[in-house]
Structure formats: C-alpha cells, structure tokens
Amino acid sequence: MRQLLQHAKPNRREIQDLALRETDPGRAGQFAPIARGPLLAVLALALVLLAALPFCLLRILRGVMSRNVGGEPT
Amino acid sequence: MTASVDVAVVGSGPSGALAACRLVRAGFRVVMLDVGHDDDIYRARIPDLPFSELRRTDPGQRSYFLGDALEGIPTDDVRVGAQLTPPRQFVTRDTEAHLPCLPDAFQPMQSLALGGLGAAWGAASFTYSETELQRMGIPARGFQRYYNEVARDVGISGDPADDASRHCFAAVTEHLPPLALDSGARAVWQAYSGKRRERLLAAGFSLGRTPLAVLSCPVAGRDANPYFDMDFWSESRRSVFRPRYLLEALQSEPGFFLERGHLVHGFKQQRDGVEISSTHLPTRRAAIFQARRLVLCAGAINSARLALNALQLPEQPVPLLCNPYVYLPCINRRMLGRAADDRRHSLSQLVGIYEPPGSPADVVSLQLYSYRSLLLFKLVKEIPLPPWAGLLSVRLLVNSLSIVGLHHADVPDARRNLRTVSVENGRLPALRFEYARSPAEEKTEVRAERGAARMLRRLGVFPCARLAPGPASSIHYAGTIPVRPQGDGWGSHPDGHLLLAPHVYVGDSSSWRYLPAKGLTFTLMANALRVADQVIADLRGNA
C-alpha cells in the first residue's frame, strides 16, 4: 500500500517546479495560507480530495505500469 | 611545530566553546583545533526582514531559500540532516570525506563546522535531574550551578515554574523571560488549564514553554529575537545562541588561539603532556601541537573515533547511546481555518513530558513546533496527491499544522556500538555502527508514544502520521567513552580523564552512561564547565 501511495506523490520535476514557483515573489499569493474558518476548511479539503481522487488513481496506475515494463516511476 | 600551550581543545562546538572559555578565563593558554567551516555564502544575503515580507518582496530569496545549486530541494525520503536549510548546510560540509562511516543503518549527522552541530542547534535547553545525572555518571552534587553559569553566558529564556519546566528547567535562576508563544501554541497552552490540566497531570503529562537559548531581551551585544520566523535561515540578530559568538569574544583574549583548518587525527600521551597530530586541510601539511592537557570536545562519535585511533584500538566495539526519535505531523483543531500570527519565532514553542503510568522510567519528551518558514513544497512532496491538490490542502491546513517531535531515553546495550575499522596515520579511520532496539524496547516506545498521542488529542492536537527518520535522527549521541569509577581499559574517570591517557579529558557527552529523553545541549555545556574545572585543578595541582 505504501509503495502504491509513493506513485501518487509528486515526482522530482514537479517538486522542483513547485519550489521554484514558491520562491518567486510574484507568486507569493499562490502559496499563502487560506483562513476562512474551520467549516469552510473542512468542506474545501473534502472537495479537493474528491476532485483529486481520479488523478491519484491515474498516477498510481501509471506508476505501477511503468514499473512493470521496467521504466522509471513517474 | 607550534609553541606549547597549557590546554588543547579539539572541537569548537557547544562543549568545546564553554570549556575553552572557562580555561582562558582561569588564565591558561588554550589552543582550539577544528576544521571550522563557516557559511561564507548565504549569511550576508539574507535581509533583516520578516519571513512574510521576504516572501512577497525579495527577488533574491531563491538563493537562500533553495540554495545556489538548489540544494534546499530534498527529493529523497525523510533522512537525518534533511532539515538543514542551505544557509546551514556548511554544518555537514566535508564530513563524508574526513569522518567516514560505513553505509550501515545508523548514519549520524557529524560536523566539521565552526560551532559544530551547535551551529544548527534548535536551541532547546533542558536540565537533567539529580537522578538522571547520577545515572549518567556525572556527580550531581553542585552541578546545578553549572547550569546557571551557562545560562548567564549564552542567554536562556524560559519559565522554571511551568509544569513541564519543573522536569526540565528546574533550579535555573539566571534565565531571561520566556519568549512569546505563537497563535497555535497559545491555543494549546490555553487548552491546558482548569480540569483538563488536572486530568493530564494525573495521567502523567505536563506541558510547559520550551526553555530556549534565545534572547528575549538584548544581552552583551546580541539583540532580542525579532520574531521574524527566520531562525532556520538567518542569524536572527544573533538572538539564537551559536558557539561561534563565544569564540569571537574569546579571540580578543591573549591566551586563546583558534587554529582553523585542522583535522586532528591522533594524540600521544607523554610524561608531562600530550602531543596532538593534525592535518591542516587547506595546505595538506601535517602539524603537531604540544599541550599539558588535551580536552576532547569533538562529539561522542568523533571523540571516540579519535581516541580509538590514537590508542590503536581498531575493531574494539564501544557503546553508543542515541535518543530514539520520531515526529508526528498534527492538526491543531483550534487553529483549523483560522488566521495565524505573522510575528513568531521558528523554534520549539512548547515542551511536554509524559511519564506513562506504571512505568515512569519510560518517560518521553515532546516538543511542539508550528510550521511555516520551512516552505510549503516540503510538505506537498510528502502527500500522495497531485501537486495542485497537495498545495491547496496544505494551504488550508498549514495554520493548524503542528510538528511534534518525540524523544525516548537510551541505555547501553550490546546491540548498540561503534568501532573503527583500522588504525590510520595522518587521517581518521572509518567507523562501523551497530544500532538496534530490542523488541521489548520497541514495544515500550510505541506504547509511550501512543500514550503521548492520547494526551495531545485531549489538547486538541491530532497526530496524522508517525514518521521515523532513522536511528540516528535525534542527532543526540553519547556514551562512547563511558564513565567507569574504577579499573582500567576503555572508558573515562568521573573527573573526566581517559583511563588509558590521564592527560586527556573527555569534555563532551562521550562519557555519559545514560541518555535521558530530553535535549542534551544545555547539559553538554554545563558538563564542559565541570570538566574544565577538573582540568584547572589538575594543572594547578601539578604546577
């Protein structure tokens, strides 16, 4: 299970891209905390997780398949 | 060959700095030997501004937040030392080359830096009780005064009257007022009151404000912490104690010589003193120093490495203590969706001590940190979600995110040792480690962690995961040259000298026979003063 979840994590390129964007002062607002109260936080989190689920499954599938054909996990 | 001195100190970390201070002030000529790397790249680049303002305005922030070679973007799994930011990475520079360790499961963090591991220390300052000191092999009677002397020299902020501070900051009178808590810590602190506090105390849990070697008001040319949340990156106006500040002051003393660039790899006890061998790394030249006494303050791992090499004891296993450490990312429900203070410091906000009912010996210490200035991408990379979803989630949660670090105590065990693999001339030998916890120990630790997690939940702090970065991850090492009251062979005497080389003293945690479940640096510095006093008595008795 742990190995499957590893496939869903961002890859090196994505991490680097994220780090570079985060340290761009013009994009600071895209990384600011969102504080709109606890109810909205829980609702928003639930929606994000629901929306992300198909993408997670796709990444896990891609990761497993590329492993099976001997490629690098994406 | 250099002129002879009274005392040579190997290592410029917290113990070396305090020992050297004591010896120089007592009128002795002291040479300090260390490679002594320092940050010559990033320190000057970081503006004296709050984190939030830098993030919005500084076009040069990428260089110090990520590093010129993007060395601040860790992509491996969580590992020992991964927390070092680019401005702190000089702390471990060149250690793989000059302090080699075989690729075992135990991979310690080591340092050749000016200030040693103290150059990146989290500043938590805990005292040990008399029982703990005695168990460690340190004479407890009269030891408390050393804590106060250190507190005066380095500047420690805290409140000895807190519930937890009674376990870990007791009897410190020379302290500064405690630092202010941030909004997340205040929410937890306010929950720890009334009937809830009584129930937690009855269950063996106490909470307090973390005593920190950080100035809450200006002292001796160093400023109070500005609450910029930049303590993992910048000097914070020198408010966070670094051994380097003491050494800078010492350099104006005529009897102190700081010899940087030197990797000490051997010593020879002589009739009236010690001959110390080193290599000056920039020139690759061999050097010899003569001193009446030598004090080893290279850290438990490297003091042992040096002594084993000097005494030609390859493959001799010596004990190794290291606090087992895990950390728990937690959600502080009282902060969920709420705005957090911009003005804060980055270091440990609160300390908890948990003594499991029925087994108070299995005490666990906890430290609670808020999370912001270590950047969000480091969180997003650990979440099994696409980056856009991970980032949104983290933005929703970060104000309520607390990181709780837990330490357990360690005792000597045949499963935990190190040894050198050879005798080397002109350099230091590689080390081989064995480090394993017994099934009974693991069971006890997990049970204590579960108990601590229950206490946290009662305060509204909910652990989401348990992360174990590895056996060496606490970066607390001790016990490699343990105190033995009598006999000969490998070990040290209660007064600090090596049993096999009476002119050589152990000034760091190498001599400790037990490692309590609390940060060791405050006690390390206090013990260094005690050992320095022994050296002084020895030299004056032999004058």
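The values are calculated or read from the model by the stated rules, or taken from the named source; none is laboratory data. As the structure is a prediction and not an experimental result, all values here were calculated from the model. Note that each Cβ is placed from the backbone with ideal geometry, even for glycine, and that neighbours are counted across all protein chains shown. To get the accessible areas, we keep the full protein, side chains included, count just its heavy atoms, and leave off ligands, DNA and RNA. Shrake-Rupley method; radii C 1.70, N 1.55, O 1.52, S 1.80 Å.
Numbers below:
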read-out: Cross-chain or 6+ apart pairs with Cβ under 7 Å, region B:379-399 first and among the small types (Gly, Ala, Ser), then open to solvent by less than 10 Å² (accessible area, probe 1.4 Å); value: B:389/A:52; B:390/B:380
read-out: Members of region B:192-209 that are in a helix (DSSP H, G or I) and without any contact (Cβ under 8 Å) to a residue 12 or more places away in the chain; value: B:194, B:195, B:198, B:202
read-out: Selection count, region A:1-26, where residues are surrounded by 13 or more Cβ atoms within 10 Å (Cβ to Cβ) and under 21 Å from residue B:342 (Cα atoms); value: 4
read-out: Residue under evaluation residue A:21, criteria (1) under 16 Å from residue B:373 (Cα atoms); (2) at the interface with chain B (Cβ under 7 Å from one of its Cβ atoms); (3) at pLDDT 95 or above, criterion not met; value: (2)
read-out: Residues of region B:462-500 satisfying the condition of being within 22 Å of residue B:420 (Cβ to Cβ), in contact with a Cys (Cβ under 8 Å, 6 or more places away or on another chain) and hydroxyl-bearing (Ser, Thr, Tyr); value: B:477
read-out: Test: residue in region B:484-492 that is within 23 Å of residue B:275 (Cβ to Cβ), among the polar types (S, T, N, Q) and in contact with a strand residue (DSSP E or B) (Cβ under 6 Å, 6 or more places away or on another chain); value: yes
read-out: Residue satisfying condition, being in contact (Cβ under 8 Å) with a residue 40 or more places away in the chain and within 14 Å of another protein chain (Cβ to nearest Cβ), within set B:102, B:114, B:54, B:66; value: B:54
read-out: Enumeration of residues in region B:431-470 that are open to solvent by 10 Å² or more (accessible area, probe 1.4 Å), over 20 Å from residue B:512 (Cα atoms) and small (Gly, Ala, Ser); value: B:438, B:440, B:453, B:465, B:468, B:470
read-out: Conditions (1) in contact with a Lys or Arg (Cβ under 6 Å, 6 or more places away or on another chain); (2) assigned to a loop (DSSP other than H, G, I, E, B); number of the one not met by residue B:481; value: (1)
read-out: Per-region count, region B:471-501, residues surrounded by fewer than 20 Cβ atoms within 10 Å (Cβ to Cβ) and in contact with an Asp or Glu (Cβ under 9 Å, 6 or more places away or on another chain); value: 3
read-out: Extreme residue, nearest to residue B:529 (Cα to Cα), among residues of region B:134-149 that are in a helix (DSSP H, G or I) and in contact (Cβ under 8 Å) with a residue 24 or more places away in the chain; value: B:146
read-out: Filter result for the condition that a residue is farther than 30 Å from residue B:264 by Cβ, within 27 Å of the chain's Cα centre (by Cα) and β-branched (Val, Ile, Thr), over B:398, B:394, B:380, B:421; value: B:398
read-out: Selection from region B:374-407 of residues that are away from chain A (no Cβ under 12 Å) and open to solvent by less than 10 Å² (accessible area, probe 1.4 Å); value: B:402, B:404, B:405, B:406
read-out: Per-region count, region B:328-344, residues open to solvent by less than 20 Å² (accessible area, probe 1.4 Å) and assigned to a helix (DSSP H, G or I); value: 1
read-out: In region A:28-45, the residues that are within 12 Å of residue B:377 (Cβ to Cβ) and more than 7 Å from chain B (Cβ to nearest Cβ); value: A:30
read-out: Hits in region B:1-11 - residues which are buried (at least 24 other Cβ atoms within 10 Å of the Cβ) and over 12 Å from residue B:257 (Cβ atoms); value: B:10, B:11
read-out: Count of residues meeting criterion [among the aromatic types (Phe, Trp, Tyr) and farther than 30 Å from residue B:455 by Cα] in region B:148-182; value: 0
read-out: Verdict on residue A:48 being within 7 Å of chain B (Cβ to nearest Cβ) and either at pLDDT 95 or above or in a helix (DSSP H, G or I) (or both); value: yes
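For (1) among the hydrophobic types (A, V, I, L, M, F, W, C); (2) at pLDDT 95 or above, each residue gets a yes or a no:
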| position | (1), (2) |
| --- | --- |
| B:215 | yes, yes |
| B:220 | yes, no |
| B:225 | no, yes |
| B:229 | no, yes |
| B:266 | no, yes |
| B:280 | no, yes |
